[in-house]
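Reviewing the structure listed below.
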Amino acid sequence: MIREFGWVDVLYLVFAMRWTLALTATAFIGGGLIGLVIAVLRVSRVWPLQAIAVLYVQAIQGTPLLVLLFVFFFGLSIVGLPVLPWIAAALAFSIYAGAFLGEIWRGALDAIPKTQWEAGSALGLGFGEQLRHVIMPQAIRMAIPPTVGFLVQLIKNTSLAATIGFVELTREGQLTTASTFQPFAVYLTVAFLYFLTCFPLTQWSRHLERRSYGPA
Amino acid sequence: MSYTFQFRDVFAAWEFILQGVAMTLYLSAVTMVLGLAIGVACAAGRLYGPKPLRVLVGVYVESIRNTPLLVQLFIIFFGLPSLGVRFDATTAAVITLAVNLGAYATEIVRAGLEAVPKAQVEAGHSLGLSGLQVFRHIVLFPALRMMYPSLASQFILLMLATSITSQIAVEDLFHVASIIQSRTFRDFEVYTVIGVLYLLLALVFRGGFALLYQLVFARR
């Protein structure tokens, strides 16, 4: 049955966005945890730990997200997990986000002058205490604008989950196209919905950046 | 759970895989040139052009940067034919990738041009150089050096993103993987091998860009 692309379909697309946002949130939490570990490993003074973090970031950043997604999708059955697009997408996107967030946050930690570490050390604080009480409070302020910027990348990239059949905004767009046969109108609407989500975040990130570094 | 990994069938298709690599390299190279050209033109338009042009470039950059590449690809490949504009898959892929990269390149080039201190431009003018001469002899080289690292990493991201064009059946490396998968059913193995190949390509690109930087910029 071919029907016209109407308001009902737009409504369906809007509802499908909740899965885009759910996947983004999951990946951001999972990736945030991984990223935190990666960033701390990078500034640790133990070189094997640093090497592990570097390898992780290089490997993930040098592999297309699409490949990551498919490796996890087909790898699930090998480790005995149920082959569900949701699980594969959550894992792949968390691991992907972990590499990028880890690198962003390492940059923020590195930007804190070495003397701050030394001052903490002179006060008798251990590595963990220096990190928690001296370095991180300062680094967080610097890390927020690029983190929001990455969030935009993450939202856009969740569209790739459509390729393993995870029904989020883009997949819903494909399904709507199949039943209405009006790809131009459908995909423009889909793009517009992404824009509505991402543009405010982009502006916010830019605003935060200007505030922390002054006018460019 | 026991699973026997079998890579033999995957490696047997090496010639086919090589074709995919060639297509991925072709897509990357063509798009880099086109995307950079768009980026330079739009950055110039945004910095030196009249108001309407600046607004237009701003709309272009923001609408591309805030929507997914996959959806852009679908609009151009599946959507435009309903307006009577029809491309084959590879052309649609090149157009989409170039337009996409162009938006990111615009921002990078603009930031690079803006980063050249105003005083140097004024110094050039006071020596009696024309606008074009100032641009060529004073602004261009330092600006290029400043934008080079960002452009290089954007190019690598683009190379990885060419995998997305497999979704409209462009026969790139990723598409080759899905064909081998459907023939051998060795899905996990295929995508692991392809992943390693992409990783190697990314390393080669990174090495190449670093070498180019040494050759062009380091001696100055």
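The values are calculated or read from the model by the stated rules, or taken from the named source; none is laboratory data. All values derive from a computational prediction rather than experimental measurement. No Cβ is skipped: glycine too gets one built from the backbone with ideal geometry, and neighbour counts run over all protein chains shown. Protein only, heavy atoms only, side chains kept; ligands, DNA and RNA dropped before computing areas. Shrake-Rupley method; radii C 1.70, N 1.55, O 1.52, S 1.80 Å.
Structural remarks
- Net charge dipole, chain B: roughly 760 debye, given to the nearest 20, about the Cα centre with Cβ charges of +1 for Lys and Arg and -1 for Asp and Glu.
- Nearest 10 degrees, 0 to 90: helix A:136-157 Cα axis against chain A principal axis: 20
- Solvent-accessible surface of the protein assembly as shown, taken per residue with a 1.4 Å probe and all protein chains present: 49 Å².
- Ordered from highest to lowest accessible area with the whole protein assembly present and a 1.4 Å probe, A:F192, A:F72 read as A:F192, A:F72.
- Rounded tilt (10° steps) of A:183-213 against the dominant C-alpha axis of chain A: 20
- Spacing of the two label points (7 Å from each Cα toward its C-beta) at A:A59 and B:R136, in nm: 5.1
- For the segment A:172-180, counting C-beta atoms of other chains within 10 Å of every residue's C-beta and taking the mean gives 1.
- In region A:42-115, the trypsin sites (Lys or Arg not before Pro) that fall in loop regions by DSSP, at most 13 other Cβ within 10 Å: A:R45
- With all protein chains modelled, accessible area of B:L140 [1.4 Å, Å²]: 60
- Per residue of A:182-191, other chain Cβ atoms within 10 Å of the residue Cβ number 6 on average.
- For region A:82-179, applying the loop criterion from DSSP together with a ceiling of 13 other beta carbons within 10 Å to the chymotrypsin sites (Phe, Trp or Tyr not before Pro) yields no site.
- Between chain B and chain A, the total buried accessible area stands at approximately 3100 Å², from heavy atoms with a 1.4 Å probe.
- Cβ-based charge dipole, the protein assembly as shown, positive-most Cα from A:P200, A:G30, B:Q72: A:P200
- The alpha carbon centroids of region B:1-31 and region B:126-200 are separated by 18 Å.
- Computed over chain A: relative contact order in percent, which uses C-alpha pairs under 8 Å that are six or more apart: 30
- In degrees, nearest ten, helix B:140-161 long axis to first principal axis of chain B (Cα): 20
- Accessible area of A:M17 in the full protein assembly, 1.4 Å probe (Å², nearest 10): 30
- Set of lysines near B:K51 by C-alpha distance (under 29 Å), chain-local residues within fewer than 8 positions excluded: B:K118
- Measuring nothing but protein heavy atoms, the accessible surface of chain B at 1.4 Å probe radius is 67 percent carbon and sulfur.
- In this simple spin-label approximation, A:I140 and A:K114 carry label points 7 Å from Cα along the Cα→Cβ vector, and these lie 2.7 nm apart.
- Hz values of 3J(HN,Hα) by residue in region B:74-87 - Karplus curve (6.51, -1.76, 1.60), Gly and Pro given as x: 5, 4, 6, 7, 9, x, 4, x, 6, 9, x, 9, 10, 10
- What you get for region B:1-129, charging only the Cβ of Lys and Arg (+1) and of Asp and Glu (-1), is a dipole of about 360 debye around the Cα centre.
- Working from Cα pairs under 8 Å separated by at least six residues, relative contact order for chain B is 31 percent.
- Peptide-level mean, for A:192-205, of C-beta atoms on other protein chains within 10 Å: 3
- Choice from A:A51, A:A143, A:A97 showing the highest fluctuation, given a GNM over chain A with Cα pairs closer than 10 Å: A:A51
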